[in-house]
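Remarks on the structure that follows.
The values are calculated or read from the model by the stated rules, or taken from the named source; none is laboratory data. Since this is a predicted model, take the numbers as computed values, not measurements. Neighbour counts are summed over all protein chains in view; Cβ atoms, including those assigned to glycine, are modelled from backbone coordinates with ideal geometry.
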Amino acid sequence: MDQAQQLRNIVKANSPTSNRPLARVITVTSGKGGVGKSNTAINLAIQFRKMGQRVIILDADFGLANIEIMFGTVPKHNLCDLIYQGKNIKEIITWGPGDVGFISGGSGIAGLSNLSRDYLVYIIQNLAELDAIADVIIIDTGAGISDAVLEFLVASGEILLVTTPEPTSITDSYSLLKALNRHPRFSKEASQIKVIANKVDRDEAGLALFNKLNVVVQRYLKLPISYLGTVPQDEKLSQAVMQQTPVSLANPQAKSAKAYERIAAVLMNKELSGNVKKRGMAAFFSHIVTGKKLD
């Protein structure tokens, strides 16, 4: 039995027809750094947790460790310890503020495609266990259009693109979507791309930002994207970052925290209305490590 077939069998065992729980996997990304991507991932995780969802963040922003810094928590282990040190999935989860778990990716994910079949089977089986631990898994990618970022986006059925009114942010967001659209394994039909306008002064400006991006995307890419919401510029959020505490916990009444609350509610309503397909972590990572669509 070849590697791909073994991984397909794992995916099948963790498919919607298997009666096993599947997590909702949401990938948060941006065309450039400094636009609030990791803040978005963390605060949405907190808001989902407040709604009773079990949440784990996978920090896939290699080398920057933004999640642990913003949480003020240093993890004892990361994904490399699962791959090379024989740790199980529960041992590499660090529990941060608000009872949100996170996994530091380290450089582990970048080397997945070079591992042997037995290692891959072991890793995918462990990652599939996250479906029983979490209702929602948020992947915080690196910024930009590196191969690693694109692999995550291609594997994800639900992508949140964070952008700001800065011209460079809008341009880089378009470049990211263009690179994703050109990827040989990207499927428009299997992916939902939702845009969050961050650091704007009012809701109308956020919608105008989305419309500006959407006009160009539809003209040149014919790629469906939707508007998810706006997060305003907020000094309270900046203060929370300095305190290494998510603003949704440090100041729940702050205008940015209320915006994250609204966005999380919209995402939850889409799930409750049946507009979200849960594929789980086995399918997500099998897609990455084999370079093939397995589900």
Those helices (runs of 4 or more DSSP H) lying entirely in region 182-266 with at least 3 residues more than 21 Å from the chain's Cα centre (by Cα): 203-220, 235-242
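Within the group Ile133, Ile138, which residue is more than 14 Å from the chain's Cα centre (by Cα) and modelled with pLDDT of 85 or more?
On the way: Ile138 fails: more than 14 Å from the chain's Cα centre (by Cα).
Every option except Ile133 fails the conditions.
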Criterion: crowded, with 22+ Cβ neighbours inside 10 Å, out of contact with any Ser or Thr (no Cβ under 7 Å at 6 or more places or on another chain) and not in a loop (DSSP other than H, G, I, E, B) - qualifying residue of Leu177, Leu150, Leu161: Leu177
Any hit, region 61-79, residues being touching a helix residue (DSSP H, G or I) at 6+ places or on another chain (Cβ under 9 Å), aliphatic (A, V, I, L, M) and modelled with pLDDT of 85 or more: no
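Residues of region 236-281 being charged (D, E, K, R) and at pLDDT below 95, which ones?
At the first step, the residues of region 236-281 found to be charged (D, E, K, R) are 236, 255, 258, 261-262, 270-271, 277-279.
Within region 236-281, Lys270, Glu271, Lys277, Lys278, Arg279 meet the criteria.
Would you pick out the residues in region 65-102 that are part of a helix (DSSP H, G or I), aliphatic (A, V, I, L, M) and within 20 Å of Ala240 (Cβ to Cβ)? Even if it seems obvious, please write down each step before you answer.
Applying the first criterion (part of a helix (DSSP H, G or I)) to region 65-102 yields 66-71, 79-84, 89-92, 97-99.
Those left that are additionally aliphatic (A, V, I, L, M): 67, 69-70, 79, 82-83, 89, 92.
Across region 65-102, the qualifying residues are Ile67, Ile69, Met70.
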Selection within region 78-104 - under 29 Å from Gln47 (Cβ atoms) and of a type in the set (A, V, I, L, M, F, W, C): Leu79, Leu82, Ile89, Ile92, Ile93, Trp95, Val100, Phe102, Ile103
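Within region 193-206, is even one residue among the basic types (Lys, Arg), surrounded by 15 or more Cβ atoms within 10 Å (Cβ to Cβ), under 20 Å from Ser169 (Cβ atoms) and at pLDDT 95 or above?
Taking region 193-206 first, the residues among the basic types (Lys, Arg) are 194, 199, 202.
Adding the requirement that they be surrounded by 15 or more Cβ atoms within 10 Å (Cβ to Cβ) leaves 194, 199.
Subsequent filtering for residues that are under 20 Å from Ser169 (Cβ atoms) retains 194, 199.
Next, only the ones that are at pLDDT 95 or above stay: 194, 199.
Yes, the conditions are met somewhere in region 193-206.
Taking the condition of being touching a strand residue (DSSP E or B) at 6+ places or on another chain (Cβ under 8 Å) and either farther than 20 Å from Gly142 by Cα or not polar (S, T, N, Q) (or both), how many residues in region 49-73 meet it? Talk me through it step by step, then tell me what you get.
Step one: list which residues in region 49-73 are touching a strand residue (DSSP E or B) at 6+ places or on another chain (Cβ under 8 Å), which gives 49, 53-61, 65-68, 71, 73.
Applying the additional criterion that residues be either farther than 20 Å from Gly142 by Cα or not polar (S, T, N, Q) (or both) yields 49, 53-61, 65, 67-68, 71.
Of the residues in that region, 14 qualify.
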Filter result for Leu213 (touching a Gly at 6+ places or on another chain (Cβ under 6 Å), under 24 Å from Asp147 (Cβ atoms) and crowded, with 18+ Cβ neighbours inside 10 Å): no
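If you check Val35, Val55, Val28, which single one turns out to be modelled with pLDDT under 95, touching a Lys or Arg at 6+ places or on another chain (Cβ under 8 Å) and under 18 Å from Leu228 (Cβ atoms)? Steps first, please.
Details: Val55 fails: modelled with pLDDT under 95; Val28 fails: modelled with pLDDT under 95.
Of the residues listed, the single one that is modelled with pLDDT under 95, touching a Lys or Arg at 6+ places or on another chain (Cβ under 8 Å) and under 18 Å from Leu228 (Cβ atoms) is Val35.
For region 1-25, what are the residues that are among the basic types (Lys, Arg) and modelled with pLDDT under 90?
To start, the set of residues in region 1-25 that are among the basic types (Lys, Arg) comprises 8, 12, 20, 24.
Correct list: Arg8, Lys12, Arg20.
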